[in-house]
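I have placed the structure first, in the form of structure tokens, so that the comments after it can refer back to it.
The values are calculated or read from the model by the stated rules, or taken from the named source; none is laboratory data. All values derive from a computational prediction rather than experimental measurement. Please note: Cβ atoms are built from the backbone with ideal geometry, for glycine as well, and neighbour counts cover all protein chains shown. Only protein heavy atoms, including side chains, enter the accessible area calculation; ligands, DNA and RNA are left aside. Shrake-Rupley method; radii C 1.70, N 1.55, O 1.52, S 1.80 Å.
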Amino acid sequence: MRKLLFLLFQLLISMKLFAQTTEYGLHIQSYPLQGSEHTSISLEDGRSIDTKGEEMSLDFSLWLRNDNVFGTVFRIITNEGKNIDLMYSVGENDRRFPILVTGDAVHPILKEARRETWVPVSLRFRPSDGEVALAYDSTKVEVNFPELKGTTGIRIAFGLCPFVGYSLADVASANLKDIRITRGSKEIRLWKMERHAGDNCYDELIQSPATGKNTHWIIDQYITWKHIYMQNFPSPPSVAFDPNGTVFYIAADSKKLFLFRPGSSHADTLRVKGGEFAANFPNQMIFIPQKDQLLSYNLNENLYSAFNCETMCWEGQTAPSKEHDYWNNTITYNPTNESLVSFGGYGHYHYNNELLISYPWSDQPQRRTNLTNIHPRYTSSSVIVDSTLYIFGGRGCPSGRQELSPRNYYDLYSVNLLTQQVNKLWEYEGTPPEGDFQPGENMVYDRENKCFYFISTQQHGVLMRMNTKEADFEPMSLPIGVSLDAQYMFCNLYESPVQKKLYAVFLHSDVGGKSSIDIYTLNYPPVSVKEMEQKIALPKGEEGMTGWVLWTIIGIAVLFFAGAGYYYMRRRKAASNANFGLPVGREPYGATREASEVSIQGEEPVLNNYDFSRQCVCLFGGFRTIDRNGNDITGQFTPTLKALLMLLILYTGKDPKGIIGRKMIQLLWFDKSEESGKNNRNVYMSKLRTLLEKVGDIRIQNQNGFWNIQFEDGTVCDYLEALKLFREGNSQNLDKLLELLLRGIMLPNMETDWIDTFKNDFSNTTIDLLSRLLKREDISDVLKLKIADTLFQHDYINEEALCVKCNILCKQGKKGLAKIVYDAFCKEYQASMGAEYKYSLMEVIAREL
């Protein structure tokens, strides 16, 4: 009973919060995204709605965005294939206005379209006489469409029309909500679009589905993290948050301090004038709100150094000297006795279960207690509530030894800080829904709702809620989508009571120390993801609809799980291919799926020298551009913009001066006059600069008539980086070069004469290098298999790659797979050369390179 009352209380709180969120509807995605990413939504699952010969009305609210005020809003197709459309067109002085289209006839609505505000739209038509009336934002137009006479059924789609044979290319950028269909005097459908079930939304009357594709629901903004800051550092920094001033402090060394205030576009830099920064590695800095003080600390040596804002100095004078023993511990401040309370951590191949209490502002010695009731671990999450320390989860093992099968823990403990009494409140047995995770290093306690919030690594970053009573976790956000690939990762959650916001901070560091920090924000208190999900009840009454709606729901469920399974397999394959150096969805040439999967078994860890998750332009494996926030903006490059960017990159790689302006016009605008070509170049160069600003510090320069492109610190182009490594010829950079080359061949889907020349030259250079590497005895079989598969991408009948791959597979006892690779090679050889391959499999295996 108590559990039921608690759940009811939580539900009422969530409903109260949800009622306060007034913005909802469907955000229709259109240009500048590619057509395959445009939104479509089909009412009634694309089925025909029976008119019964009565007057039909379609009413909805429309919010026109500035992105693309051109193209279709909705399309109605009758049972006879006739169309009624609402669109936006262009008038004088680039003014945009709505038009009603019946068949091929266009009926302008003489009112300029209002933007960024909700306007009412109502369409009415009568099958009895073909009369059509549209009321748009208090302006009406009435027409006669004789072909409507006798219409018995209609299909309705918003955005991109998915009906076969009736699709239109241009889609207007708009939001819509509260879609009503009335037949005669009776309202028969209402899709509020307030909540949703994945891509679909169900009407409020009989649960009839509106099925969507590429949907973006406005209500999801309340459970979606917003990325607000990203910065790269040469070494791992420490991060702290001041909830009073709402400012983040970031310190990578004792010389500089970065201040980032949410709402600004960059961080301010403070030059530190003196003193010693106590931390001996990241995650050793904290802001104490009660003292309004920024404090760096070193638990190993019991060192502390506060930052003095007046003198701009760290007040500590002792530099750290010992190695770090508290990687990924959890630490919080106890205002009762002005102490820092740390639990757990990792160092020197051991996890610990040490409760360490330190006193930065007094001479009291550190107090160390091993909490034997809690297994040694790191990456736990903690928070102090009154005089109780709550510790949740982590990763470790009973012995504390790293080599003895560490595992994730999902348990909650309370520790009385006065008596150090430990109580186990609950433990979640097994694997949580949606998979294993580790929590961020601090929790936020919600006193009003008596629950905890923490960031988990599940699904690449999800906010979770839990309480002290039940062994359960509830998602409170959509996945952030952060990369979890790092030698060292730190994530934490902070609350700003003033702003009523949560902030999530992620720090990633590689083996060499290169690091990046990302900060995200979400409204507080958060809203449960479950409250955003539309609950589907079985319909009753209307026209015996229960049966088919039930089957529709079952069908959607089947498709959902099938899609989830496919997505899971794609993710697994993507993870494998990422290590294997191949773009997602592509097999190594000359190999079947089985052969390629076997070839990566026992894979050695590969150092990630490059981060292609943001601020990059990639040519290997296909053209791809990722902006500074980690968003893929490849689709925003039109063919001309893509060609212009490739031209700048390829010619800059050939000669740092770049390409002379005259040749650029000859290659891209050969059909234009010189003046017109220059105008086109200037227009597209401006558009390209605007796009590249989203990526990072990438500069397009014009010097003495030559155009070139420069990727500054923090941005990278894989092709230019590979060229640099080729030219340096430094054997120490071989692992970097291989990491790039194994990503795939260069621009596989772009074929023009001038691009092909660069592709062929680069491919020849790559083949020469990889062929030489195959002959080296100090390279492992795992790496040789990778090299062989990459060679197949460049030269699909490369005999050296065939010999190496078949030889290694046979040594591994996989003779059947070697035969499959060999047969596939022979088939391609026959098709390309017009002759059978002259060596047998045994001869191939026996050949020496």
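For the reader, a short list of remarks on this structure follows.
- Among the GluC sites (Glu not before Pro) found in the stretch 437-541, those both in a DSSP coil and sparsely packed, with 16 or fewer other Cβ atoms within 10 Å of their Cβ, are GLU448, GLU470.
- Of the residues TYR136, ALA105, PHE125, the one whose Cα sits farthest towards the positive end of the charge dipole of the stretch 76-140 is TYR136 (charges of +1 on Lys and Arg Cβ, -1 on Asp and Glu Cβ, taken about the Cα centre).
- Cα-centre dipole for the chain with unit charges at Cβ (Lys and Arg positive, Asp and Glu negative), debye to 20: 220 debye
- Cα Rg, Dmax (largest Cα-Cα span) when computed across the stretch 168-210, Å: 12.3, 35
- Charged side chains reduced to their Cβ positions (Lys and Arg at +1, Asp and Glu at -1) give the stretch 750-828 a dipole of some 620 debye around its Cα centre.
- Counting only whole DSSP H helices of the chain, the ones at least 30 Å long by C-alpha along their axis and with mean Kyte-Doolittle hydropathy no lower than 0.0 are 546-580.
- Distant alpha-carbon pairs in the stretch 185-306 (separation over 17 angstrom), percent: 69 percent
- Magnitude of the charge dipole, the stretch 226-311, Cβ model with Lys/Arg +1 and Asp/Glu -1, debye to 20: 240 debye
- Computed P(r) (all Cα pairs; the chain; 10 Å bins; percent): 2, 10, 17, 19, 20, 17, 10, 4, 0, 0
- Along its principal axes, the stretch 341-463 has C-alpha extents of 47, 42, 23 angstrom, given from the largest down.
- Heavy-atom accessible surface of LYS736, to the nearest 10 Å², is about 60 Å², with a 1.4 Å probe and all protein chains retained.
- Cα gyration tensor, the stretch 346-416 - rounded (a/c under 1.5), prolate or oblate: oblate
- For SER238, nonlocal amide neighbours, meaning residues 5 or more places apart or on other chains whose placed amide H falls under 5 Å from its own, are ALA251, ALA252, ASN283.
- Over the stretch 181-241, volume per residue of the alpha carbon convex hull, in Å³: 138 Å³
- Entry note: the stretch 82-224 has Rg to Rh equal to 0.95, where both radii use alpha-carbon atoms and Rh is the Kirkwood radius.
- Eligible lysines near LYS775 by straight Cα distance, threshold 25 Å, same-chain separation 8 or greater: LYS724, LYS736, LYS759, LYS784, LYS786, LYS805, LYS811, LYS814, LYS815, LYS819, LYS838
- Relative contact order [Cα under 8 Å, 6+ residues apart], the stretch 758-849, whole percent: 24 percent
- For the stretch 660-762, alpha-carbon Rg over 2.2 N^0.38 Å: 1.27
- Farthest toward the positive end of the dipole of the stretch 184-261, out of HIS227, TYR249, HIS216, is the Cα of TYR249, where the dipole comes from beta carbon charges about the Cα centre.
- Taking every protein chain into account, the 1.4 Å probe leaves ARG65 with about 20 Å² of accessible area, to the nearest ten.
- Gyration tensor (Cα) of the stretch 613-718, equivalent ellipsoid semi-axes in angstrom: 23, 15, 12
- Along each principal axis, Cα extent of the stretch 417-504, largest first, Å: 40, 39, 24
- The stretch 270-366 has equivalent-ellipsoid semi-axes of 22, 16, 11 Å, by the square roots of 5 times the alpha carbon gyration tensor eigenvalues, sorted largest first.
- Where only DSSP H runs of four or more residues are counted, the chain gives -8000 deg cm²/dmol as its mean residue ellipticity at 222 nm, each run worth -39500 (n - 2.57).
- Distance violations [Cα-Cα > 27 Å] among LYS450/LYS530; LYS514/LYS694; LYS530/LYS694: LYS530/LYS694
- Scanning residues 5 or more positions from ARG401 or on other chains, those with amide H under 5 Å from its amide H are TYR351, with H placed 1.01 Å from N in the peptide plane.
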